[in-house]
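Each reported figure results from applying straightforward, stated rules to the coordinates on display, with no laboratory input. Here the structure is a predicted model, which is why all the values come from computation and not from measurement. Cβ placement follows ideal geometry from the backbone for every residue including glycine, while neighbour counts extend to all protein chains displayed.
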Amino acid sequence: MFSSSVLGGSPPYAYQWYLDDVAVPDATSSTWIFSPTSYGRYKTHLLIIDSSTTAESNHIPITVNPPLSVSIHPLSVVISVNQSQTFTSSVLGGTIPYTYQWFLDGIAIPSATYSNWTFTPSSTGSYQLHLKVTDDVSSSAESTIALITARSGPKATFSYTPFHPHVNETIAFDASASTPNGGAISNYTWSFGDNETIVMTSSIATHVFAIKGNYTVVLIVTDNEGLSDRASQTITIYAGAPCANPMIDVYTQQPDPYSGKGVNMSSDAFAPGEEVALYAYVSLNHEPIENSSVTFEVRNPLGETVILRIAASNAEGIAASTFQLPSESKEAETLFGKWAIYGSFEICERTIIDNCTFKFGWLVEITLVETVDSNGHSKSDFVKCETICFNITLENIAYSSRTATLALAIYDECCVPIGHVVLDRQLISSGIAELFIIGMPIPEWAYVGLGRIYASVFTDLPQHYGTPYCPEAFITFLILES
């Protein structure tokens, strides 16, 4: 509100207020309330008239600032107890200088009167944080509430075997006792103190030290929300041969050289429904050990333990166990990938470990079926009597070559079989194989419209007791009048 003071002249007085030199309607009293509708710079003055004289007041500049607003960052955060998080603010509008007051769960925080504030929770729980800003003319604004979740965070811990490791001996580090405490552990970072660091999703790691001495091994576990914890131990690596060279070799029933024999070697692949035979050869100074308890652990590609078994070694030093892989297609396909077999036994107050991996999936799978012309160019429509050809791509996930019989069944619009193609007993090497197949002419009597092709791959023809390697593939093509 603007007010005036008049001296001299002859009352009564007449008043007229002006805004930016324009008379303000109805502003004809000694006071005037200015209510701006937009921010900017203005000026005002008052014109006073008595019976014989006119007087003009001084001109007063007016500054109208934008409305005061404040925002804070971040608005949502998950932190662990005793972990610090800094919150920043951004203020717009109003009249500087500003004053700040942070509130935690609606209560003003003593001394939290700056544009930034750092929060270090001492206990778990959920908190609400906001900031109130007041400008130089006592206008105030409050920020959106930030949500803070404080929890314990993961706890890192690990053990290792053997307890007295030697140079060039495989040491197993096990962090499976680490706890997520509300989240899910997503990775394990191992630093072995010899300039080697690895990051794994599995809780078990192995390492070999080449030089004797003391090493500080550090483990950092990180969960799915970015919270982490670390643990460390100093281990001593001794010189010399460890306990007369104890050894365990884990392998499967697959034929050599793809059985997985050897330290940390891979076995050949297995298909859904197959039984996997687990073997472990245990020895001391290259001599077999009888009646030694061997632990087998099998983990799927998700890192989940599938079986955990114990078997005793026989006179030849071999312990054995079996398990069967999933056979239902939908269940099995979710577990396709690399599986791991771990075997361990204790000797001389030490635990000796070996692992063997294998691929699980369709041993031979049709990954592409494409209709083409006689030159191998992609083509999806064929007239009657025209020869239809095919490009077929197969993938063999096994290390060894596989004999496969490929069959194509071709139907017209009315699901009437119009032909088939069989490639009998083809040798499919490991990896990707691409085949060009000269098919057959479309019969004159075939129904015009959308045709179908079903591609299957078998171990042999059914009459020779063949079984399918994988589900059949399916594509369509167009049959046209000639």
Overall form of region 159-237 per C-alpha gyration tensor (a/c, 1.5; a/b vs b/c): prolate
Karplus-derived 3J(HN,Hα), 6.51/-1.76/1.60, for each residue of region 185-192, Hz, glycine and proline x: 5, 9, 7, 10, 10, 10, 10, 8
Rounded to whole Hz, the Karplus (6.51, -1.76, 1.60) HN-Hα couplings of region 366-383, x for glycine and proline: 7, 9, 8, 10, 9, 7, 9, 8, 5, 9, x, 8, 4, 7, 10, 10, 9, 8
Asn264-Ser329 FRET efficiency (beta carbon distance; Förster radius 45 Å; 0.05 resolution): 0.90
Sequence-distant residues sharing a close amide H with Ile428 (under 5 Å, placed H): Arg402, Thr403, Ala404
Kirkwood Rh and Cα Rg combined as Rg/Rh, region 2-64: 0.99
Theoretical ellipticity at 222 nm over the chain - DSSP helices of four or more residues, -39500 (n - 2.57) apiece, nearest 500: 0 deg cm²/dmol
Neighbourhood net charge (14 Å Cβ-Cβ; Lys/Arg +1, Asp/Glu -1) for Asp412: -3
Projected label distance in nm at Asn314 and Thr134, using a 7 Å step from Cα toward the beta-carbon: 8.8
Extension gain from Asp256 to Arg41, taking 0.36 nm per residue of separation minus the Cα-Cα distance: 68.4 nm
Nitroxide proxy distance, nm - points 7 Å out along Cα→Cβ at Val448 and Asp105: 7.9
Cut-off 11 Å, label 7 Å out along Cα→Cβ of Thr357, residues of region 247-279 by amide N: 265-267
By average C-beta atoms within 10 angstrom, highest first, the peptides 386-398, 354-366, 1-13: 354-366, 386-398, 1-13
Cα gyration tensor, the chain - rounded (a/c under 1.5), prolate or oblate: oblate
Lys pairs under 27 Å by Cα in the chain, provided they are eight or more residues apart or on distinct chains: 5
Additional length obtainable on full extension of the chain from Glu481 to Val218, 0.36 nm per residue less Cα span: 87.4 nm
Computed FRET value (nearest 0.05) for Glu287 with Thr201, which takes r as the C-beta separation and R₀ as 45 Å: 0.75
Using θ = phi - 60° and Karplus 6.51 cos²θ - 1.76 cosθ + 1.60, couplings along region 26-39 (whole Hz; Gly, Pro as x): 6, 8, 10, 10, 5, 10, 8, 9, 9, 10, x, 9, 8, 7
Computed FRET value (nearest 0.05) for Val167 with Ser123, which takes r as the C-beta separation and R₀ as 41 Å: 0.30
Spatial separation of Cα centroids for region 307-373 and region 390-439, in angstrom: 28
